[in-house]
Amino acid sequence: MTAGGAPGQGRAFQQIKDKGYADKRRLRGEPIHLIGAQFSQASRSVIGFQVETLTN
């Protein structure tokens, strides 16, 4: 699921995947929810987000 459409959206989410932050928790056998959020420097609010659920 994605929301927003600002330039650069998805960089935070891609970093979560590239750095493997969820890898050490995958052995638990529980769903893992990856959430990436993008913030506006001007308004200091969320301007986009992306969610993905991983299942084993």
Check your understanding: Can you name every residue in segment 35-56 that is exposed (fewer than 15 other Cβ atoms within 10 Å of the Cβ) and within 14 Å of Lys17 (Cα to Cα)?
Key -> Ile35, Val51, Thr53, Leu54
Review point. In segment 41-56, which residues are at negative phi and part of a loop (DSSP other than H, G, I, E, B)?
Key: Gln41, Ala42, Ser43, Ser45, Thr55, Asn56
Review point. For residues in segment 1-40 being of a type in the set (A, V, I, L, M, F, W, C), at pLDDT 85 or above and in contact with a Phe, Trp or Tyr (Cβ under 9 Å, 6 or more places away or on another chain), which is nearest to Thr53 (Cα to Cα)?
Key: Leu34
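The values are calculated or read from the model by the stated rules, or taken from the named source; none is laboratory data. Note that this is a predicted model, so its numbers are computed, not measured. Backbone-built Cβ (ideal geometry, glycine too); neighbour counts: all protein chains shown.
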